[in-house]
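Step one of this worksheet: look at the structure below.
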Amino acid sequence: MTASPCILLTGAAGYIASHTWLALQEAGFTVLGVDNFVNSSPNVLPRLREIGGQPTHFVEGDVRDPAVLDRCFEVARPLGGIRAVVHFAALKAVGESVERPLDYFENNLGGLLAVCQAMQRHGVFDLVFSSSATVYGEPERLPITEDAPLRATNPYGQTKLLGEELLRGLGACDARWHVATLRYFNPVGAHPSGRIGEDPRGVPNNLMPYVAQVAVGKRPHLNVFGNDYDTPDGTGVRDYIHVCDLAEGHVAALRYLFAQQRSLTVNLGTGQGYSVLQLAQAYGRAAGREVPLVFAPRRAGDVAACYADPAQAHALLGWRATRGLDDMCVDSWRWQSTNPGGFDS
Ligand code: NAD
Ligand code: WQD
């Protein structure tokens, strides 16, 4: 192993991967990114150079294309060779996945297969996989532990569940594989520099980017999807996690894989649930203006409450989230207010 192992990030220009890129560099890793920009902008790359103060090694292309992945391994050779892969590349919009299930199966499962095949071709067997709390479906018990029953309720969730199973199967047949399956809860916030953050295309599906666009005046009000849930204030409760905490979780997972040479599955969440109203209020405090809201019907497929038991991640990785809801809102607002049009403004 070189002094500065090179990590391949797929989906590297995306929201979570771009923050992980910086966390990995800070921890002394070399990063090579690959992305086809299907849901991101190339303009993130100069920002990463600016914040990180290092060159951005990058290959543009689709991870389903074996030639693109082979090119990544080739480009990484002078960087010491790829030591592990963090596979972020996926389509992630739940509603869109119901409209275009085959595109989701093709991209997310086809991409995962192609990445594993390329890793095997090049003799690399350490993988971090972006999974999701969506694999728990409607939780039977809260907080959610990793041994909770798994079920997917939409094609996006199915790609994560099937992806996890595929990787478990692979590890069971071939002991060279070591996979860290990370089940993210609700990633929000932005890098404290305000130079990178979440930049959704079109109408945001997720709560915080929607609230951010309301606060900056791009949208008139937040539609609160349901206020009759069995939760303290009737609105949905989620485990929001600062994207920089999440990024650090990937560094911890890679260190675990390198040191322990064994697979693991962990929740990455804070363990603390907040309601839609609590988040909107916190955002209002961060932005110095109230977030106007309107109560709307429940959104199909939503669960009342979902939050992690993060104890396993702490026990195995020595990792825990350190940033609170106010940090998430302040950092999101810094990004949103200084980049109202996202990366392409
Ligand atoms: P994102 O859309 O910002 O990032 C994904 C990146 O992958 C994008 O840059 C996109 O262009 C790229 N990509 C997609 N398909 C590709 C392909 N075939 N080839 C090359 N690049 C491709 O999403 P994100 O929020 O950063 O999510 C990253 C990962 O984390 C995804 O796997 C997602 O399913 C998972 N995840 C996200 C959340 C969340 O709420 N954001 C929660 C749980 C899990
Ligand atoms: C949070 C809460 C909504 C928008 C989704 C995916 C999940 C994972 C994370 C990838 C809920 C409410 C939202 C709005 C609202 N992604 N809401 N008005 O649904 O927990 O999870 O993203 O893996 O798979 O399903 O997150 O941010 O969409 O919603 O009232 O305009 O905010 O009803 O209670 P969710 P979210």
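The values are calculated or read from the model by the stated rules, or taken from the named source; none is laboratory data. Please read these numbers as outputs of a predicted model, since none were measured by experiment. Glycine also receives a Cβ, built like all others from the backbone with ideal geometry; neighbour counts cover every protein chain displayed. Only protein heavy atoms, including side chains, enter the accessible area calculation; ligands, DNA and RNA are left aside. Shrake-Rupley method; radii C 1.70, N 1.55, O 1.52, S 1.80 Å.
Numbers below:
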quantity: Candidate set: region 278-294, residues that are more than 9 Å from ligand 2 (Cβ to nearest atom) and under 14 Å from residue 227 (Cα atoms); chosen: the one most open to solvent (accessible area, probe 1.4 Å); calculated: 278
quantity: Residue count for region 155-169, restricted to those that are of a type outside the set (D, E, K, R) and surrounded by fewer than 18 Cβ atoms within 10 Å (Cβ to Cβ); calculated: 3
quantity: Criterion: buried (at least 21 other Cβ atoms within 10 Å of the Cβ) and either within 30 Å of residue 193 (Cα to Cα) or touching a residue at least 12 places away in the same chain (Cβ under 8 Å) (or both) - qualifying residue of 324, 318, 273; calculated: 273
quantity: Residue match in region 250-268 (condition: touching a Ser or Thr at 6+ places or on another chain (Cβ under 7 Å) and within 14 Å of ligand 1 (Cβ to nearest atom)); calculated: yes
quantity: Pairs with Cβ under 9 Å, 6+ apart, first in region 69-92 and farther than 16 Å from residue 109 by Cβ and within 16 Å of ligand 2 (Cβ to nearest atom), second open to solvent by less than 20 Å² (accessible area, probe 1.4 Å) and among the small types (Gly, Ala, Ser); calculated: 86/11; 86/12; 86/17; 86/130; 86/180; 86/253
quantity: Answer residue from region 175-196, given it is over 23 Å from residue 310 (Cα atoms) and touching a residue at least 24 places away in the same chain (Cβ under 8 Å) and is surrounded by the most Cβ atoms within 10 Å (Cβ to Cβ) among those; calculated: 196
quantity: Selected residue [touching a strand residue (DSSP E or B) at 6+ places or on another chain (Cβ under 6 Å) and under 26 Å from residue 191 (Cα atoms)] from 44, 34; calculated: 34
quantity: Pairs, first more than 21 Å from residue 316 (Cβ to Cβ) in region 137-152, second modelled with pLDDT under 95 and assigned to a loop (DSSP other than H, G, I, E, B), C-beta under 6 Å, six or more apart; calculated: 137/153
quantity: Only one of 199, 233 that is in contact (Cβ under 8 Å) with a residue 40 or more places away in the chain and either under 19 Å from residue 304 (Cβ atoms) or surrounded by fewer than 17 Cβ atoms within 10 Å (Cβ to Cβ) (or both); calculated: 233
quantity: Residues that are more than 15 Å from the chain's Cα centre (by Cα) and polar (S, T, N, Q), drawn from region 139-186; calculated: 145, 153, 154, 158
quantity: So residue 247, is it closer than 27 Å to residue 181 by Cα and touching a Gly at 6+ places or on another chain (Cβ under 7 Å); calculated: no
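Here's the yes/no breakdown for (1) within 16 Å of the chain's Cα centre (by Cα); (2) touching a residue at least 60 places away in the same chain (Cβ under 8 Å); (3) under 30 Å from residue 155 (Cα atoms):
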{"site": "254", "(1), (2), (3)": "yes, yes, yes"}
{"site": "281", "(1), (2), (3)": "no, no, no"}
{"site": "287", "(1), (2), (3)": "no, yes, no"}
{"site": "294", "(1), (2), (3)": "no, yes, yes"}
{"site": "302", "(1), (2), (3)": "no, yes, yes"}
{"site": "309", "(1), (2), (3)": "no, yes, yes"}
{"site": "330", "(1), (2), (3)": "no, no, no"}
{"site": "335", "(1), (2), (3)": "no, yes, no"}
{"site": "342", "(1), (2), (3)": "no, yes, yes"}
